[in-house]
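Step one of this worksheet: look at the structure below.
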Amino acid sequence: MSAPAPRAPDPRALEIAANLASVRARIARACAGRTDPTLPEPTLIVVTKTWPAADVRRLAARGVRDVGENRDQEAAPKHAEVVDLPLRWHFIGQLQSNKAASVARYAAVVPS
């Protein structure tokens, strides 16, 4: 019996990995001159607006833990698809009062 054929790399996962590495490098360069050790490390919040839950999974596989959205209609079902992942959700932007209860179910942070 032969070994299964290796799976072809996921092109979207490779694209996300490259973009994420670029952003992380930019953050590292921006923080390189910091001299105050009491300053907290910056938190990378990846905004996945218009991108599918599959991309959130790809990001989580690369260590992303903070995810942001600005539309409850998109965020709530996306959160439901990836509820098994150790993510902290941020609702970014204006929050309408009629959406507050829905957002409160999944968002840990609402800096509005």
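The values are calculated or read from the model by the stated rules, or taken from the named source; none is laboratory data. Model, not experiment: these values are computed from the prediction. Neighbour counts run over all protein chains shown; Cβ positions are idealised from the backbone, glycine included. The area values use the complete protein model at the heavy-atom level, side chains included, leaving out ligands, DNA and RNA. Shrake-Rupley method; radii C 1.70, N 1.55, O 1.52, S 1.80 Å.
With the cut-off at under 14 Å, measuring from each backbone N in the stretch 59-88 to a point 7 Å along the Cα-to-Cβ line of Arg24 picks out 59-66. Between Arg88 and Ala17, full extension at 0.36 nm per residue minus the direct alpha carbon distance yields a gain of 23.6 nm. Counting only protein chain heavy atoms and rolling a 1.4 Å probe, the accessible areas of Ser22, Ser97, Ser102 rank, largest first, as Ser97, Ser22, Ser102. With contributions of -39500 (n - 2.57) from each DSSP H run of at least four residues, the per-residue ellipticity at 222 nm computed over the chain stands at -13000 deg cm²/dmol. Given the alternatives (1) 1.38; (2) 1.13; (3) 1.30, Cα Rg over 2.2 N^0.38 Å as computed for this entry is given by (3).
If the chain linking Ala53 and Val110 were pulled fully straight, counting 0.36 nm for each residue of separation and taking away their Cα-Cα distance, it would gain 18.5 nm.
For the pair the stretch 41-112 / the stretch 1-29, the C-alpha centres are spaced 22 Å from each other. Here the chain is treated with +1 on each Lys and Arg Cβ and -1 on each Asp and Glu Cβ, and its dipole about the Cα centre works out to around 160 debye. With θ taken as phi - 60° and the Karplus curve 6.51 cos²θ - 1.76 cosθ + 1.60 applied, the whole-hertz 3J(HN,Hα) list for the stretch 86-102 is x, 10, 10, 8, 10, 9, 9, x, 6, 10, 6, 4, 6, 9, 4, 5, 5 Hz, x standing for glycine and proline. Protein-only accessible surface at a 1.4 angstrom probe places the residues Lys78, Lys49, Lys99 in the order Lys49, Lys99, Lys78, largest first. Placing unit charges on the Cβ atoms of the charged side chains and taking the dipole of the chain about its Cα centre, the candidate lying farthest along the positive direction among Gly93, Ala5, Val110 is Ala5.
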